[in-house]
1. Just the residues that are part of a loop (DSSP other than H, G, I, E, B), aliphatic (A, V, I, L, M) and in contact (Cβ under 8 Å) with a residue 24 or more places away in the chain, please, taken from the range 52-92.
2. Quick check on this structure: which one of VAL93, VAL103 is crowded, with 18+ Cβ neighbours inside 10 Å, touching a strand residue (DSSP E or B) at 6+ places or on another chain (Cβ under 7 Å) and under 15 Å from ILE131 (Cβ atoms)?
3. Considering only residues that are in a strand (DSSP E or B) and either hydrophobic (A, V, I, L, M, F, W, C) or away from the ligand (no atom under 14 Å from the Cβ) (or both), which ones fall in the range 322-341?
4. Name the residues in the range 368-386 that are out of contact with any helix residue (DSSP H, G or I) (no Cβ under 7 Å at 6 or more places or on another chain) and touching a residue at least 24 places away in the same chain (Cβ under 8 Å), would you?
5. Tally the residues that are surrounded by fewer than 18 Cβ atoms within 10 Å (Cβ to Cβ) and not acidic (Asp, Glu), restricting the search to the range 232-268.
6. Under 7 Å by Cβ, and 6 or more places apart or on different chains, what pairs join a residue from the range 186-202 that is under 11 Å from ILE381 (Cα atoms) and touching a residue at least 40 places away in the same chain (Cβ under 8 Å) with one that is of a type in the set (D, E, K, R) and in a loop (DSSP other than H, G, I, E, B)?
7. Count, please, the residues in the range 270-279 that happen to be of a type in the set (A, V, I, L, M, F, W, C) and within 12 Å of the ligand (Cβ to nearest atom).
8. Criterion first (farther than 20 Å from GLY89 by Cα and assigned to a strand (DSSP E or B)) does SER49 satisfy it?
Amino acid sequence: MNILVINAGSSSLKYQLFNMKDESVLAKGKVERIGMETAILTHEPSGKSEVHEVSEILEHTTAIRKVLDKLVHPQQGVLTSTAEIDAVGHRVVHGGESFKSSVLVNEDVKREIKRLFDLAPLHNPAHMLGIAAVEANMPDVPQAVVFDTAFHQSMPAPAYLYPVPMALYRKHKVRRYGFHGTSHKYVSERAAAFLGRPLEQLKLVTCHIGNGASCAAVLGGKSVDTSMGMTPLEGLMMGTRSGDLDPAIVPFAMGKEDLTLGEISSMLNKHSGLQAISGISSDMREIVEAVEAGDKNAKLAFDMYEYRLRKYIGAYAAAMNGIDAIVFTAGVGENSELLRKTVCEQLTFLGVEFDEEANRAGRGQDRRISKPGSKVEVLVIPTNEEWMIARDTYALAQKTN
Ligand code: AMP
C-alpha cells in the first residue's frame, strides 16, 4: 500500500510518498511559490536524480496535478499509475476540540475544519485547498487528516484552561490547544521503544525545538501539558516568536509605540525571539557561531532561549511529580550540541547525569546522551511527522476496505 502525505501551505505544498510494506520513502518534494508564474517544483525520487522545474502554477489543484505527473513520470517517477496511491494523508494544524485523533475526510469533517478557520487563519484554509486539490485530481482516493492539536486533547482542564472569564472559553473556545502533537507523540513512542519500557509507565518531557518550539509533559503516553497555547505563540522563546510574556505588555507597547493589532501581532510572531535579542538571526546555527565568536547579544539570546527551555522542563517535572526521560527533537533539538549540553548540565538536581561524549556522537539516529545509570535518561530522537501521518492514514484507509 502506498500513502501520499501532503502538507499544504497557502503558497507551498510539501509531499512524501511512502511504501507502507517496507516503510520506505519512494519520493518526496515540494512546490513553492504557488500563485506565481515562476512556481518551483522540486522532486526527489528515491534512487534517481533530483528534479527542479519552474513553471506557472496558479493554484493548488495544478500543483497536485504536477506532483502526480512527476510521481508517474516514465523517467523521474516511482509509480506506473496514480492508481497505485491507495490513500492521501494531510497535515492539518488546528483540530480544535472536535478532533481528538486522525479521521477520514468526509463532508462533516470538511465543514468542521472550515469552522475552525478562526483559530488558525493562516493554516487551516491552506489545508482545505490541499484537500480540495487532491479531490479534484483523485476523486476516488480516501483522504485522512492528521491534526497537530489532537495529541494534546488529553490535557486535563487545569492545564488547558486560562484563568480568564469562562465566557471566553464557552463562547469563543479560548483555551490551550498545543501544537507539534504529531511530533510529540512520535518521539514519545520511539523513546519508550528505545528504552525498552512500556510507554504507559513513563513520564516524559518531549522538547520539539525547531524554528517553532514547544515542550510537552507526556504521562503514560498521554499529553498532560504543553507549552504552546491557543496559538503557537505561547511558551518557549523561538526563532522569531517571543513565547511567554506579561500580557499587559501588549496594550502598553501598542500605546507607547502607536501600534495596531496587526503590527503588535506581527512583532510578537515575526520580529521577536532569537532574532530580536541577537539582532543577528533567528537561526540557531548562526547564533551559536556568533556566541563562539564572542558576540554579546548572541550570547544573551542563547542564554534566554536555554533558560526558558530549562524552566519548562523543571515545571513539567513538577506537573508529573518526576521525570523518567527528557527527549530532544526537531532542527535545534536534534542538532545543537551546545543547547542540549547547557540545559542538561543544569538539571543535576533532577538526577540528570549528562554524557558529553555521547552528546557529540551519532547524529541522525535515536540515541542516549545521559550516562549509564542516570536517574533521568536524556534522549535525542529525530522526529518524523510525515511517517506518523502516513501511519495514521494507512490505518484509517484499511478500515474502508
Ligand atoms: P525545524 O523547524 O525543525 O526545521 O528546525 C529549524 C531550526 O533548526 C533552524 O532554526 C536551524 O537553525 C536549526 N538547526 C538546524 N541545524 C542546526 C545545527 N547544526 N545547530 C543548531 N541549530 C540547527
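1. LEU58, VAL78, LEU79
2. Details: VAL93 fails: touching a strand residue (DSSP E or B) at 6+ places or on another chain (Cβ under 7 Å).
Exactly one of VAL93, VAL103 is crowded, with 18+ Cβ neighbours inside 10 Å, touching a strand residue (DSSP E or B) at 6+ places or on another chain (Cβ under 7 Å) and under 15 Å from ILE131 (Cβ atoms), namely VAL103.
3. ALA325, ILE326, VAL327, PHE328 - these are the residues of the range 322-341 that are in a strand (DSSP E or B) and either hydrophobic (A, V, I, L, M, F, W, C) or away from the ligand (no atom under 14 Å from the Cβ) (or both).
4. The answer is SER370, LYS375, GLU386.
5. 18
6. ARG190/ASP366; PHE194/ASP366
7. Qualifying residue count for the region: 1.
8. no
Computed from the coordinates by the stated procedures, all read-outs in this text should not be read as laboratory data. Keep in mind the model is a prediction, meaning the values are calculated, not measured. Virtual Cβ from ideal backbone geometry, glycine too; neighbours counted across all protein chains shown.
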